[in-house]
Every structure is written in structure tokens, then in C-alpha cells.
Amino acid sequence: MDLQLDTSMKRQAILFACALLLGGMVWFAPPSLVRYSLIFVLLWLLPGFAWACLIPGKALDRSEWIVVALGLSFVITPVTTMLAAYLPGSLSRGTFLAAILGSMGLPLAVSTLSWLVRKYTPRLLGQRNLTALNAHPEPDDNERDSSFSDSFWQNGWAWLLAAIVIAIGLRVINLDYSEFQGDEAVVMVRAASVLEGDDAVLFQHKKGPAELTLVMAGWRLAETTNEWMARLPFAWASVLGVVAVFLFGRRLNHPHAGGIAACLLAIEGYRVGFGRIVQYQSLVFALSSLGLLCLLIFCTRGKGSLVILAAAFFAGGSLGHYDALLVLPAGLLLVGARVWRERRRLGSSLVPILIASLVGGVMLALFYVPFLRSPY
């Protein structure tokens, strides 16, 4: 465990150093495609990887960890943007950049604090906390630590490659095909208002703030925006949702079924259409799928940390739109199945579920409490 913490700290330190370097480059780079490329990495790649380093080892295999880390960026960056928008006055570029870098430094601080606690307290205490968090994990005979070493076709990776190529091609190519239209224009106008200091618009929007904050984050750091820049995060989220569906089938030991489902979703008109506009649907699709994936692994293996992760995904999806609540019955079924299997050790198995409820509740309260108290 000490070795794992040390490795996690090193990874987080490297990621934080990369974020600081990118932040400096973003600050000084001229407004251009180069600046936005740096911003995309800073907002939609690095934050999730920094926080994913806190996930206990072997809770996820390598491919699942990468996709979950990428998905976490769509929780961390919108929430950070929302909290920064609550500050009085307009949201300045420097303030927002500091907030993003601070959100990436927080997991490093958590790992450092945990390392210090384990170093200067009895080892028994650390072991007890680990046991409570993981709720008596069971060994998994089908665990895949090095999936790519197996047959590329047998394990469904050929399906996934085809799905990714199709999904990216249909969502990203010619993304600036038209000017903002309909609800897109409403989102852009309201995002601009919030950036200028009118945070009441977040509550007037009524859908949840995430589709606004996804636009606001890149817009503020780039100091400019256009159709391609605003739509790209939504297209990226849609692609992640397709990959999550494949991983779901793979965890059910049916990688080919998961691959076929991913390919069908890659070409499905509803997903393609909403993957090419500034709307919440792609965000809800990606985060809901990743949340269910985490709960599926929790149900089969008992990794309690994954319930907490799923709660963060569901809360992040709910900040996009209330539609995310439609996945709760499936999620509760998976949790209930695990609790039933652990009914003889009910006390310890409920600990991560209670923590997850607290995490999800706090995340939702950050927006919905002031929303319910607003005139809107």
C-alpha cells in the first residue's frame, strides 16, 4: 500500500507539473489553434488522470482506468467552472486558470496527506481503513491487467477500434458545418452572460449548468470561441460514451456483443446528431455509461471505491440534465445485488455506499440548493 501511494504521488506530481507547464503556455500562446489544443489537454485530459490516480490499484484494469480517467475530466472541469462562476464579478482568465490548476493540485495534496498519515500512524490503522473502503473485495478470475497482450480479435479490440474510428469520423469531421442554431445559440448567449458576471443565468437555464460550463471553460481560457471549439468537448464526450458501452460488454465477458453495441451507437443518428451540437445529451450519455460500468465492476468484485466513483459520475451527469436520473434504477439494482451478496457483512459493505451518497449529495447540492432558492 505504501508503494502504491508513493507511485500515485509520483504520477500526480508529474501530471500537476504538466498542468503548470500547459497553463503557462496557454497564458502566453497567441489566440490560435495551438492555444486551443493546449487548452483541450488542460481541461479534458489532465484533470481526470490526476484524480484517477486516487483509485486503488486493481479496482480497474488498464483500459477501464484510462476511459474512466478521461470521463472524470467531464466531472471535474464543469464543477470547477461552476464554482469559479459563483465568485463575485466576471470570471477572469487568471482566476479560472488558477481554479483549474488548483483542482489538479488537490488530488496530489490528498495523496501526500494520506502518505503522511500512513507513515506516522500504526500500519494496522491503514489496513483497517483499506478494508472498510473496499468492502471485502473478491478475487476476479477474469481480471485483465494486460488486455492487449491477448488476441486483438478474440477480446473485441477490433470492434472497439472500428467503433472509435466511426464515432470520431461522424462526430468530429466538419464540426463547424453551420453557425450556432436554435438551442445552441441560447447556450452560447447564456454562457457569455455568466462569464461576464451574471451567475443568476445558471439558475435561469433550468437544465443544469454543465452544458454552459463546458462551453465557458474553453471560451474563457482561449478568450475567443467558434462553432468548432464549442462543439468539440461534446463530440469527445459522445465518443467516450461509445467506448464505455464496449467496456460494459467486455466486463460481462461478451466483448463481441459490447463491440457490436459500440459500433451501432457510433452510427446511431440520435447520438451522432447530439454529438455534433452544443447540448447536454452527449455528456449525460457518457457519464451515465461510465457510472454504470463502475457499479457493474463493484457488483461483481466488491471494490467499494468504485461506488464513490459512480456517484461522482451520476452527479456530474445530473448537473447536465435531470435525464441522468433515469439510470438510477439500474444502478441501484447493481448496488442492491452486491449488498445482498454481502448481507452477512452488511456493516462494512455499507460504508462505501454511505460515502458515495455523501459525495454525490454534496456535488448535487453545490448547484441544486442555490437553484431551488433562486427566483427561477
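The values are calculated or read from the model by the stated rules, or taken from the named source; none is laboratory data. These numbers were taken from a predicted model, which means no experiment stands behind them. As a convention, Cβ positions derive from the backbone with ideal geometry for all residues, glycine included, and neighbour counts pool all protein chains shown. Quick note on the areas: whole protein, heavy atoms, side chains included, nothing else; ligands and nucleic acids left out. Shrake-Rupley method; radii C 1.70, N 1.55, O 1.52, S 1.80 Å.
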Selection over the range 318-355 where residues are touching a residue at least 60 places away in the same chain (Cβ under 8 Å), within 30 Å of V187 (Cβ to Cβ) and either open to solvent by less than 40 Å² (accessible area, probe 1.4 Å) or of a type in the set (G, A, S) (or both) yields a count of 4
Determine whether the range 356-369 contains at least one residue that is modelled with pLDDT of 90 or more, surrounded by 14 or more Cβ atoms within 10 Å (Cβ to Cβ) and of a type in the set (V, I, T).
yes
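Yes or no, residue by residue, for (1) of a type in the set (S, T, N, Q); (2) touching a helix residue (DSSP H, G or I) at 6+ places or on another chain (Cβ under 8 Å); (3) open to solvent by less than 40 Å² (accessible area, probe 1.4 Å); (4) under 20 Å from L42 (Cβ atoms):
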site: T77; (1), (2), (3), (4): yes, yes, yes, yes
site: A84; (1), (2), (3), (4): no, yes, yes, yes
site: I100; (1), (2), (3), (4): no, yes, yes, yes
site: W115; (1), (2), (3), (4): no, yes, no, no
Residues that are open to solvent by 10 Å² or more (accessible area, probe 1.4 Å), more than 30 Å from I353 (Cβ to Cβ) and free of Cβ contacts under 8 Å to residues at least 60 places away in the same chain, at least 1 per element: which helices (runs of 4 or more DSSP H) completely within the range 202-311 meet that?
210-222, 227-251, 255-267, 269-274
Just one listed residue, out of L54, L106, is at pLDDT below 95, touching a Pro at 6+ places or on another chain (Cβ under 7 Å) and either closer than 23 Å to V26 by Cα or in a loop (DSSP other than H, G, I, E, B) (or both), and it is L54
Have a look at G24, G48, G57 and point out the one that is surrounded by fewer than 16 Cβ atoms within 10 Å (Cβ to Cβ) and touching a residue at least 12 places away in the same chain (Cβ under 8 Å).
G57
